[in-house]
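Below is one structure, written out as structure tokens; the observations come after it.
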Amino acid sequence: MIRLWKNQAFTIAHADDGRFEGAGLRPFFEYRRLGISEATKGAYGAHVIRAVPGMESPASWHSHDLDFQMVYVTRGWVVFEYEDTGEHLLREGSCVLQPPGIRHREVRHSDDLELLEVVSPAVFETHDEAAP
């Protein structure tokens, strides 16, 4: 039986124990899940995302039905474009809070890109959008 504290379980994820998998939202990224979704019964999700070298983003506009989405770049760089604010270059150490429903797109990234994404809830809908 798993013990819960305020509806969450204790969990630890180590980089050397983790695996990156291609089964994620974008085919040009690989994802390493951190066990947060399971520990919070889906209330939150967190994963490390890295670029698949040589693959590019189609730069398609989209939005997400979620309550919280934060991205923190740990290596490399990525250019995101957001409605009403334009393009932004995020590099190692950059952090962005993407408000719920904001239209955005990933424009381009370095082959060595790696970032941490934290979302709530862990599972959410993504919608294709027209350019703002």
Q: Kindly indicate whether ARG108 is more than 24 Å from SER37 (Cα to Cα), surrounded by 13 or more Cβ atoms within 10 Å (Cβ to Cβ) and touching a residue at least 40 places away in the same chain (Cβ under 8 Å).
A: yes
Q: Give region 75-96 a look and list any residue that's surrounded by 14 or more Cβ atoms within 10 Å (Cβ to Cβ) and polar (S, T, N, Q), or say none.
A: SER94
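Read the figures in this text as sums done on the coordinates, not as results from a lab. Please read these numbers as outputs of a predicted model, since none were measured by experiment. Cβ: placed from backbone, ideal geometry, glycine included. Neighbour counts: every protein chain shown.
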